[in-house]
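Report on the following structure.
The values are calculated or read from the model by the stated rules, or taken from the named source; none is laboratory data. Model, not experiment: these values are computed from the prediction. FYI the Cβ positions are ideal-geometry reconstructions off the backbone, even for glycines, and counts take in every protein chain you see.
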Amino acid sequence: MKQRKFKELEISKFITPEVAGYLEKWISIGNNDEFVKRVYFTIREIHTIIKNYEAPDNSHKIFFQARRADKVPRFDKILAEATAATRAKTS
């Protein structure tokens, strides 16, 4: 937190910009490392709890995200070819 601003951290994702600004000022004023550590751990715990309440991404969504369908197979033609091949073998 000393190298980056609080607003740039992942744990500030669920905090409004106003509150993040207040926390940045509060942390910059406090020169006590114990105080900064307690603020950081509290915000991190809040972030963890809220993140765990979010719906998880399933593999189906991740796999098909941003993919284009090439050419969708037509099952009626697949079945017709399969039956024609089967008939050719039996005759």
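Taken over the stretch 18-33, the criterion of being over 14 Å from residue 5 (Cβ atoms) and either at pLDDT 80 or above or of a type in the set (Lys, Arg) (or both) is satisfied by 18 alone.
Within the stretch 9-24, the residues that satisfy the criterion of being assigned to a helix (DSSP H, G or I) and surrounded by 11 or more Cβ atoms within 10 Å (Cβ to Cβ) are 11, 12, 19, 20, 21, 22, 23, 24.
Only residues that are modelled with pLDDT of 70 or more and under 30 Å from residue 12 (Cα atoms): list them for the stretch 44-90, please. Give the steps one after another, and end with the answer.
From the stretch 44-90, those modelled with pLDDT of 70 or more are 44-55, 71-90; that's our starting set.
If the condition is that a residue be modelled with pLDDT of 70 or more and under 30 Å from residue 12 (Cα atoms), then 44, 45, 46, 47, 48, 49, 50, 51, 52, 53, 54, 55 are the ones that fit.
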